Amino acid sequence: MHIGFITSEYPHPKVNQAAGIATSIKNLAVALVKKGAVVTVFVYHQKASEVIHDKGVEIHLIKKETYIFFTWYLYRKHIQNYVNTVVKDKKIDVLEAADWTGITAFMKLKVPLVIRFHGSDAYFCKLDGRKQKFKNFMFEKLALKKASAYIAPTTYAGIETQKIFGLHKAKIKTIHYGLQLEHFENENPEEFNKNTILYIGTIIRKKGVLELAEIFNKVVIENPEAKLILIGGDSSDIKTGESSTYKLMEGIFSNKAKKQVNYLGKIPYNEVKEHIKNAHVCTFPSFAETLGMVTIESMAMQKPVVNTNIGWAKELIDDGVNGYLVHPKDIELYAEKILKLMNNNDLCLEIGKAARLKVETLFDINKNADINIEYYKSILN
């Protein structure tokens, strides 16, 4: 079987952007190749067109183009023509694309298209309580309506997307993202930097970072030794117009808390994993995700996680068993759970061990790749 992915991001030095979606696609692509499938990835909005190879995956970089009029339409047709040519030449059986921005709207592709709900603009707008541009909604809806099948990383994301776009008759398959678990081993979970809290993700309002600043203020009052490490790119704030969300966080931190914060910005992925390994507690108080790769990565490395309790998170963590689930707005309780973990190393080890078992059960990419292959085959039959 030959599978093609259409995406705006993929983890490779020559690709402009790589975030959680990119990681999930690469994990799957590499696992599919190991299972004997052929995988081609089409990455659009790139600086130059080029074909590269990485871990058995053929990657086609498609240069970003602009036109005098209707770039939103003509560039989609450009991608369509490029992809269809490769589909014919390489005999690709099925294509997959993300729902974000409805990139496949207006495309006529020569093989069945699967859309995976990595998170549409409409989905995130609903969770954020923001109004979406009508144009963006229509692009995403058109793309979804033209797809042959759908995959959701969590049942919650599938149900919400189905409601937003009126996909009432659509059959949506839940297939969780997966990890190459051998890359997330922690042989000495009892060794960590005590009192260190780790957050990984974009510094943006929807990730709950402003609430995290308030939470940390509470933690520092009870534990003056507590440290907060933040990893991820800064972002402008859509609500206030501020160019830096981290500046908004700085305005919330108490003077005492501010001295205990270390914002590292974007760092290489191998360094991120070292920070996970060294953390005492990992925390992800997000308001908007479809699954959350950094959550399961932290769990795989036997870290106790205090996570949001919204929808998707309940499919990752069993509250009190392999992590904690708290609404980001419940500042007192959220801080209380972090402090509870930092004050009890045995509890951290117990929860971390259970977290690893949960990831091995649900998020092993080798198991989930087989589920993806069977689903692709069902579409072709």
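The values are calculated or read from the model by the stated rules, or taken from the named source; none is laboratory data. Given the structure is predicted, the values throughout are model-derived calculations rather than measurements. Don't worry about glycine lacking a Cβ; one is built from the backbone with ideal geometry, like all the others, and counts go over all protein chains shown.
Structural remarks
- Residue within segment 274-285 that is surrounded by fewer than 21 Cβ atoms within 10 Å (Cβ to Cβ) and without any contact (Cβ under 8 Å) to a residue 24 or more places away in the chain present: yes
- Evaluating residue 100 against the criteria (1) among the hydrophobic types (A, V, I, L, M, F, W, C); (2) crowded, with 18+ Cβ neighbours inside 10 Å; (3) modelled with pLDDT of 95 or more leaves one unmet condition, (3).
- Residue 22 meets all of the listed conditions (1) under 24 Å from residue 88 (Cα atoms); (2) buried (at least 18 other Cβ atoms within 10 Å of the Cβ); (3) at pLDDT below 95; (4) hydrophobic (A, V, I, L, M, F, W, C) but one, namely (1).
- Residue in segment 180-189 that is closer than 19 Å to residue 369 by Cα, acidic (Asp, Glu) and free of Cβ contacts under 8 Å to residues at least 40 places away in the same chain present: yes
- When segment 150-172 is limited to residues that are polar (S, T, N, Q) and assigned to a helix (DSSP H, G or I), the one that is nearest to residue 119 (Cα to Cα) turns out to be 161.
- Elements of type strands (runs of 3 or more DSSP E) in segment 173-276, at least 1 residues being at pLDDT 95 or above and among the basic types (Lys, Arg): 227-231
- Within segment 63-81, the set of residues being among the aliphatic types (A, V, I, L, M) and assigned to a helix (DSSP H, G or I) comprises 74, 79.
- Matching entry among 196, 245, 202 (being more than 19 Å from residue 289 (Cβ to Cβ) and hydroxyl-bearing (Ser, Thr, Tyr)): 196
- Residue among 315, 332 that alone is more than 30 Å from residue 121 (Cβ to Cβ) and surrounded by fewer than 18 Cβ atoms within 10 Å (Cβ to Cβ): 332
- For segment 327-346, the criterion of a residue being in contact (Cβ under 8 Å) with a residue 40 or more places away in the chain, not polar (S, T, N, Q) and not in a helix (DSSP H, G or I) is satisfied by at least one position.
For every residue, the table says whether it meets (1) surrounded by 18 or more Cβ atoms within 10 Å (Cβ to Cβ); (2) within 24 Å of residue 202 (Cα to Cα).
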{"residue": "308", "(1), (2)": "yes, yes"}
{"residue": "311", "(1), (2)": "no, yes"}
{"residue": "320", "(1), (2)": "no, no"}
{"residue": "328", "(1), (2)": "yes, yes"}
{"residue": "345", "(1), (2)": "no, no"}
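- Selection within segment 25-44 - assigned to a strand (DSSP E or B) and surrounded by fewer than 19 Cβ atoms within 10 Å (Cβ to Cβ): 38
- Residue match in segment 367-378 (condition: in contact (Cβ under 8 Å) with a residue 40 or more places away in the chain, outside the structural domain of residue 151 (by TED's automatic domain parsing) and in contact with a helix residue (DSSP H, G or I) (Cβ under 6 Å, 6 or more places away or on another chain)): no
- The one condition from (1) over 21 Å from residue 316 (Cβ atoms); (2) out of contact with any Leu (no Cβ under 8 Å at 6 or more places or on another chain); (3) assigned by TED's automatic domain parsing to the domain that holds residue 332 that residue 201 does not meet is (1).
- As a summary of the residue check, residue 114 satisfies the conditions (1) in contact with a strand residue (DSSP E or B) (Cβ under 6 Å, 6 or more places away or on another chain); (2) in a loop (DSSP other than H, G, I, E, B) except for the one numbered (2).
- Pairs linking a residue in segment 82-110 that is within 16 Å of residue 139 (Cβ to Cβ) and part of a helix (DSSP H, G or I) to a residue that is aromatic (Phe, Trp, Tyr) and at pLDDT 95 or above, with Cβ atoms under 8 Å and 6 or more positions apart or on different chains, are 101/139; 102/139.
- Within segment 126-165, considering residues that are surrounded by fewer than 16 Cβ atoms within 10 Å (Cβ to Cβ) and small (Gly, Ala, Ser), the one farthest from residue 288 (Cα to Cα): 148
- One residue alone among 247, 163 is under 30 Å from residue 123 (Cβ atoms), of a type in the set (D, E, K, R) and not assigned by TED's automatic domain parsing to the domain that holds residue 288, and that residue is 163.
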